[in-house]
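The values are calculated or read from the model by the stated rules, or taken from the named source; none is laboratory data. Everything quoted here is computed from the prediction, not taken from an experiment. Heads up, the Cβs are rebuilt from the backbone with ideal geometry, glycines too, and the neighbour counts pull from every protein chain shown. Areas reflect the complete protein model, heavy atoms only, side chains present, ligands, DNA and RNA absent. Shrake-Rupley method; radii C 1.70, N 1.55, O 1.52, S 1.80 Å.
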Amino acid sequence: MRSPANSAVFPLRAQLTRLVYLTTVNDTVIYDMQHIRNIAIIAHVDHGKTTLVDCLLKQSGTFRANQAETQVERLMDSMDLEKEKGITIRAKNAAFKYHNYHINIVDTPGHADFGGEVERIMNMIDGVLLVVDSAEGPQAQTRFVLRKALEAGAKPIVVINKIDRDNANPKKVLDQVFELFVSLNATDEQLDFPFIYCSAKQGYAKMELEHTSGTMEPLFEAIVKHIPPPRAKAGDGFQLLVANLDYSDYLGRIAFGKIVEGKVKVGDPAICRHGDGRVSKNKITMLYHFEGMKRIEIQEAHAGDIVGVTGFEDVFIGETICDSDARPALPYIPIDPPTIQMEFAVNDGPLAGQDGKLVTARHIWDRLVKEIRTNVALRIAQTSDPKIFAVSGRGEMQIAILVEQMRREGHEVLVSRPEVLWKKGPNGELLEPIEKLFVEIPNDCLGNIMENLSGRKAQITNMAHVGNQVSVEALVPMRGLIGFETDLVNSTKGMGVMSHLFHEYGPDCGEIAARKNGSLVSMDAGEATSYALNMVQERGRLMIEPGDNVYVGMIVGENARENDIPVNPVKEKRLTNMRSQGDGKGIQLAPPMKLSLERALEYIDVDEYVEATPKNLRLRKKILDENQRKRSEKSRVLKFIPE
């Protein structure tokens, strides 16, 4: 039986009838390597990658006209957090058919924190679409992703997107992209890159600005013409480099990658060469291949195609699956090491276990182990305390996304302030990660931002005035960047834009002052009252409302001065036999300062935790008892990258 959806769009492809677990394949068409193209879409955050993938999938006829997907925006953003934040977090595969070409496409994240997702997919593609905003031009992450693509030898096509914007200047942006290629030491062949002007939102692309076009046809043609066929060898045997992982409750781990050599059938015996030198033997139990955003089961696949294989439960990204011991492991592109670390601890507060169901150390550790199976940029380790785990990553946003996912799954966890990972130099000297920072701000905010950066030990390397905007480039220790984004948004009334990427390990820049204000710490437990909060708010800004549950050691506000003050937010008005105006009458409380998870992680000091539960975000001291806290004063502890 043929499904009408598949036969309309892919008349030649494998048609599947699924009865319980039985799969019959009627007519599988194998594309030869000359008719396969493997591309990734790379860009800075918010330059339109996911919208462009949508447009390519819809205009290639992947969906029927009456299919629900044709009405959905940003189809590839499948996680709830991706839809809410409007950003891509995980690299994802899709595929479409253009004439008689099968084009595999990978959508990648744009944030520097998720750079590991970009790096690992570089070994399964042969070309990239470098998307650049026609108003903003190349940004920090554009440089990072392009450098990775050029190092991997991928052929770039420059797509200048959003040409329908009012302040678009596509010609100038094209010159800036050329300068970016030159600064990255591109070869003459790479400098002769093809370029396309397009508006993914409006759904058209053109070779020249004067041309009229209503479709993405010029971009489809450019992909087929300029992106080379896969770098792979046809023939006997089989070799696949794993570049992405997924998990199925029925089939176990699914490994995705490009077949570098030979062909593979379901049921073939195979071996997996692990990173530590081990070899495990098994057989291929299932083969997948992409059509649109769906995975389609197939019986065999040939060199050059991107497929998913099952059968190896302990396979990891970067390992090689091949047919016999005679074939060596494929070289793997190493991934940049993490630069920051946070502690995840079991919630031992008085309110623990009231919101979440998964609260023990075993639950947290199992969830972290599950995360690193598919997230190559994270590292986890046990510490000397069995209730605390060290989690290392690229940036606080990457780890904050993990904490947010854990909250939604029912976990309760305590998370510490991000701390940078240091290195020791050849002569034993201390080296810390230095970031290259790019800031765009209005002219009248320049003084405040420069003063802020100088307090964070930044070195300004470049400054350019464009209209009433200023672009500032600086080298900043990563310690100094923690919390800077909040200051930038506040100082520029939301007009400032920043991006940063790892530059190098440099010498220790010395002490950097953390938060200027102390905390208002609760000295009693119970329910907060408006009578007590009215007196507390004279000391600083509140973070709680009347009726909130508080406990000893919980942070209920920000002190106006530098030191911490114990306060009593649960005090009630004493009853007397004198006539009163009534409880709470005439009390006006200022609105509380509500922090998001990312903002809370930047805000806390070294002796504080964020308590993340499914329903609440609370700030607390690591040591709840005030007397014990005074004995163990704040101190700067350096953490090093494990050798």
### Message
Going through the cross-link list 58/155; 436/594; 49/171; 162/615; 233/265; 370/615, which pairs have a Cα-Cα distance over 27 Å in this structure?
### Response
436/594; 162/615
### Query
Roughly how tilted is helix 217-226, in degrees to the nearest 10 and between 0 and 90, from the longest Cα axis of the chain?
70
### Task
Arrange the residues 527, 343 by how much accessible surface each exposes, largest first, with a 1.4 angstrom probe.
527, 343
### Query
What accessible area per residue comes out for the chain, rounded to a whole number of Å², with a 1.4 Å probe?
46
#### Entry: Student exercise, the stretch 356-476 dipole from Lys, Arg, Asp, Glu Cβ charges, in Debye to nearest 20
640
### Task
Determine the gain in length on full extension of the stretch residue 493-residue 369; use 0.36 nm per residue of separation and subtract their C-alpha separation, reporting nm with one decimal.
40.6 nm
### Task
Apply 1/(1 + (r/R0)^6) to the Cβ-Cβ distance of residue 473 and residue 596, taking R0 = 35 Å, and write down the FRET efficiency to the nearest 0.05.
0.80
### Task
Determine, for each peptide in 267-278, 561-572, the mean count of other beta carbons within 10 angstrom over its residues, then list the peptides with the highest first.
561-572, 267-278
### Query
What does the charge dipole of the chain about its Cα centre add up to, to the nearest 20 debye, if the Cβ of each Lys and Arg holds +1 and the Cβ of each Asp and Glu holds -1?
1020
### Message
Classify the stretch 385-484 from the C-alpha gyration tensor, please: rounded if a/c falls under 1.5, else prolate or oblate depending on whether a/b exceeds b/c.
### Response
oblate
### Task
With runs of 4+ DSSP H residues as the only contributors, calculate the mean residue ellipticity of the chain at 222 nm using -39,500 (n - 2.57) per run, divided by the residue total and rounded to the nearest 500.
-6000 deg cm²/dmol
### Query
Tilt of helix 170-183 relative to the longest C-alpha principal axis of the chain, in degrees (0 to 90, nearest 10)?
90
### Summary
For the stretch 152-200, the accessible surface attributable to carbon and sulfur atoms (probe 1.4 angstrom, ligands and nucleic acids excluded) amounts in percent to 45
### Message
Under the rule a/c < 1.5 gives rounded, and otherwise a/b versus b/c splits prolate from oblate, where does the stretch 401-441 land using the Cα gyration tensor?
### Response
oblate
### Task
Set the Förster radius R0 to 22 Å, insert the Cβ-Cβ distance between residue 179 and residue 151 as r into 1/(1 + (r/R0)^6), and round the FRET efficiency to 0.05.
0.70
### Task
Tell me which residues come under 5 Å, amide H to amide H, from residue 215 once H is placed; ignore anything under 5 positions away on its chain.
205
### Query
Going toward the positive end of the dipole of the chain, with +1 on Lys and Arg Cβ and -1 on Asp and Glu Cβ, which of 606, 219, 422 do you reach last?
606
### Task
Could you list the square roots of 5 times each eigenvalue of the Cα gyration tensor of the chain, that is, the equivalent ellipsoid semi-axes, sorted largest first and rounded to whole Å?
48, 30, 25
#### Entry: Average Cα contact separation per residue, the stretch 456-530, under 8 Å, 6 or more apart, as relative contact order %
25
### Task
Between residue 530 and residue 35, with labels modelled 7 Å along Cα→Cβ, what's the label distance in nm to one decimal, could you check?
7.4
## Note on the structure
Yeah, the stretch 190-345 with a ≥ b ≥ c from its alpha-carbon gyration tensor (a/c under 1.5 is rounded, else prolate when a/b outruns b/c, oblate otherwise) is prolate
#### Entry: Counted charge near residue 554, where neighbours are those whose Cβ lies closer than 9 Å (Asp, Glu -1; Lys, Arg +1)
+2
### Query
Got a sec? What order do 603, 531 fall in by accessible area at 1.4 Å, biggest, i.e. largest, first?
531, 603
#### Entry: Carbon plus sulfur fraction of accessible area for the stretch 290-449, probe 1.4 Å, in percent
54
### Query
How large is ³J(HN,Hα) for each residue in the stretch 148-153, as worked out from phi by the Karplus curve 6.51 cos²θ - 1.76 cosθ + 1.60 (θ = phi - 60°), to whole Hz, x for Gly and Pro?
5, 5, 5, 4, 7, x
### Query
Under the definition of Cα pairs under 8 Å and six or more residues apart, what whole-number percent is the relative contact order of the chain?
10
### Message
Report the gain in length on full extension from residue 623 to residue 465: 0.36 nm times residue separation, minus Cα-Cα distance, nm rounded to one decimal.
### Response
52.1 nm
### Query
Can you give the extra length, in nm with one decimal, that the chain gains between residue 348 and residue 248 once fully stretched, where that is 0.36 nm per residue apart less the Cα-Cα distance?
32.6 nm
### Task
Obtain the nm distance between the two label points defined at residue 278 and residue 192 by a simple spin-label model: each point lies 7 Å from its Cα along the Cα-to-C-beta direction.
4.9
### In nm, spacing of pseudo-spin labels at residue 313 and residue 516 (7 Å Cα→C-beta vector)
5.7
### Summary
Of the listed links 201/493; 387/630; 92/148, those spanning more than 26 angstrom between alpha carbons are 201/493
### Message
Can you give me the orientation-averaged projected area of the convex hull built on the Cα atoms of the stretch 173-225, in nm²?
### Response
4.3
### Message
Angle check, please: helix 361-374 long axis (alpha carbons) against the longest principal axis of the chain (alpha carbons), in degrees 0 to 90, nearest 10.
### Response
30
